[in-house]
Amino acid sequence: MRQKIFRTFVELSLGILLAIGTAAFLIHQYLKTQDEVHYLQNFGTVLASAINESGWEFLEHAAPKWLRITIIDPDGTVLFDSKLDETKMENHGKRIEVQSLLDHTMADDSLDDIGTPLNFNISRFSQSLQRQTYYHALLLKSGQILRLSFASNSLFLYTPHFTIFLTFILLALVSGCYFLATKLARSFMAPINAIELNKLHNFQDLSNSAQKLKSTYPELEPFLWRISVQQRKIDEQIDELRLKNNEFQAITKSMSDGLVLINAKGNIVSINKAARTIFGVTKENCLNQSYVTIDSAQYLKDMMDNSITAPKQTKAITRDGRDYEIRFSKISDNETCVGYVMIILDVTEKKRTEQLRQEFTANVSHELKTPLQAIIGYSELMANGIVSPNDIPHFASRIHKQSTRLKSLIEDIIFLSHLDEGQVANLEQCDVKQICYEVFDDLQEKATEREVKLQVQGEQLIITAVKRYLYELIYNLVDNAIRYNRPQGTVTVNLRSHSNKCTIAVRDTGIGIAPEEQHRIFERFYRVDKSHSRQTGGTGLGLSIVKRVVLYHYGKIKIASKLGEGTTFTITFNFNKLQELAALNERKQQALRERNQEIPQAPSTMRSAAELTAPISAPPASSTAHDLTPSSERIQTP
């Protein structure tokens, strides 16, 4: 507004000054021209008298430079010209001033009564000089014509002092106008500039500003009220937008899945931390840049190109050894595309779990089917009387053996499922060495049969644990050590405690495990030597049970093995974490008892069945707090 006022005043002032200056200049030029014309006429009269007396030859040396003098014969021949070469000039008989003067002479063949020569004045375009020229022609006594002329643009040559004076006056007036315009613009805008629009948030500030402005510009008071209302609305909208933006940033930042927002031009407007980690980019490198900056692969371009016909698309990709599922959606408003949203889901664990589930189902079916087929086959032979009486005890022994294996397999599966469910169990003080002796008693017959020596080394070790689980852990490790040992071999259980940790190491002198097999031995139904396992009667679930028992007690397990030398499994328990587990189980049991008290009592048989089969929640998923790292991280190889 200030600039507009200033510009308007300056333009008006300059327009007025220009009009006045132009008028003054034209008036001055007109008056100056009239003076020059009178001077030319007088000079012509004097010059004509001189030529009448002395002839015109003196003009060849004394002609003034500011004036053009031409002597023309009555027949139109140019006898003399002070500016041009008369020999090259055309006949001037047809020139208006010459012809007019000759016509007048023919009508009146004498001078006027007072002896003044006949003369004629005209202003026309000169063909010789190619400019506008003023002519004064006089008739000499000899009948020749004296013509005096000067160009009109020469007038400016006679007014240098006036031009300088006029230029100085104009510059002074322009400077004055500029100063005055600046002063007036500042004075006009001072009351408005004193209003602080950013502070018109409440009634008091608005009233103060209105009072200051009312005395100068009362017309602007309604605008102040309107501005104040709009300012409050804008502030509220900005606060709301800031709050929503903070909520959006907090949500996207905490998302484990990747989120990328793309505008209609294909530029990235938002990308959360998870997406930046997946694509290996930084916020500065991709924000407000094309979507190809995060991944230049063809699938993204295809998704963008196909969004017209397929607004929702799904694509599976693999990056850095992990599997991702990209869900791409087009965002439209009234059939107009306003952007795109892309969600990147990490489905690595989902695929792995699905694969494990499929493998487990297939393995369970196979493992259950094998002993059942043997039992059915032997029993069918016996039922059909094909087996001789002497062979019946042999076949019955085989049926018993396969039934025992089937029972062991089912028990291992049920026990493993209980561990997976994380059922609440009673933790108690367990004497690990005593449990080892109990395991040795149960496996002594098998060890004697295979000529394997069992022994325990180390100190007396008392820990807080689920005794049944701990028994299964040691039993399966020792059982595997016996199965895969060689005759005259040994199985040693070494117990040790230090600081707030304790270790249980089971070492054998058996066939060992190849390095490439060690990372898979804890998978369910996985066997390093399947033919040997069939012969020894293993179920393939022993080490899976060991791993789950270790995880249940927040422990760690590592393996050290060499082919032909033996294998050592080392389990580490933390006393503090075992105490935390005991406290947690106690709280869960208390909650379970309180819940059971609120539920009406069912018949005793139903109640006992419910107690036996009721699933209890697993230990807390806070693997970081309790060192519950994935199994692949707990199985350490040297």
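The values are calculated or read from the model by the stated rules, or taken from the named source; none is laboratory data. In this text the structure is predicted, and so the values were computed from the model without any measurement. Cβ: placed from backbone, ideal geometry, glycine included. Neighbour counts: every protein chain shown. All accessible areas refer to the heavy atoms of the entire protein, side chains included, with ligands and DNA or RNA removed. Shrake-Rupley method; radii C 1.70, N 1.55, O 1.52, S 1.80 Å.
A few comments on the model shown:
- In this structure the amide hydrogen of LEU454, modeled in the peptide plane, comes within under 5 Å of the amide hydrogens of VAL491, none closer than 5 places in sequence on its chain.
- Cross-linked pairs LYS233/LYS253; LYS273/LYS556; LYS350/LYS588; LYS315/LYS350: Cα-Cα separations exceed 23 Å for LYS233/LYS253; LYS273/LYS556; LYS350/LYS588.
- For the range 49-88, applying the loop criterion from DSSP together with a ceiling of 15 other beta carbons within 10 Å to the GluC sites (Glu not before Pro) yields GLU57.
- Overall size of the range 13-103 from C-alpha positions, given as principal axis extents largest first: 58, 27, 26 Å.
- Using R0 = 30 Å, the C-beta based FRET efficiency linking GLN298 and ILE238 works out to 0.10.
- The order of the peptides 318-328, 228-238, 474-484, 92-102 by mean Cβ neighbours within 10 Å, most packed first, is 474-484, 92-102, 318-328, 228-238.
- Computed from phi, the 3J(HN,Hα) profile of the range 251-263 under the Karplus parametrisation 6.51, -1.76, 1.60 (θ = phi - 60°) reads 5, 5, 5, 8, 5, 7, 8, x, 9, 10, 10, 10, 7 Hz, with x in place of Gly and Pro.
- Within the range 47-103, chymotrypsin sites (Phe, Trp or Tyr not before Pro) in DSSP loop having at most 12 other beta-carbon neighbours inside 10 Å: PHE58, TRP66
- Global size of the range 236-361: 16.4, 60 Å for Rg and Dmax (C-alpha atoms, Rg to one decimal, Dmax whole).
- Separation between Cα centres of the range 25-92 and the range 547-581, rounded to whole Å: 131
- Within the accessible surface of the range 1-104, defined with a 1.4 Å probe on protein heavy atoms only, the carbon and sulfur portion equals 60 percent.
- When each of the peptides 177-188, 305-316 is scored by how many other beta carbons lie within 10 Å of its residues on average, the order from highest to lowest is 177-188, 305-316.
- Using the Cβ-Cβ distance between ILE414 and ILE227 with R0 set to 60 Å, the FRET efficiency from 1/(1 + (r/R0)^6) comes to roughly 0.20.
- Sulfur and carbon atoms: percent of accessible area, the range 229-325 [1.4 Å]: 49
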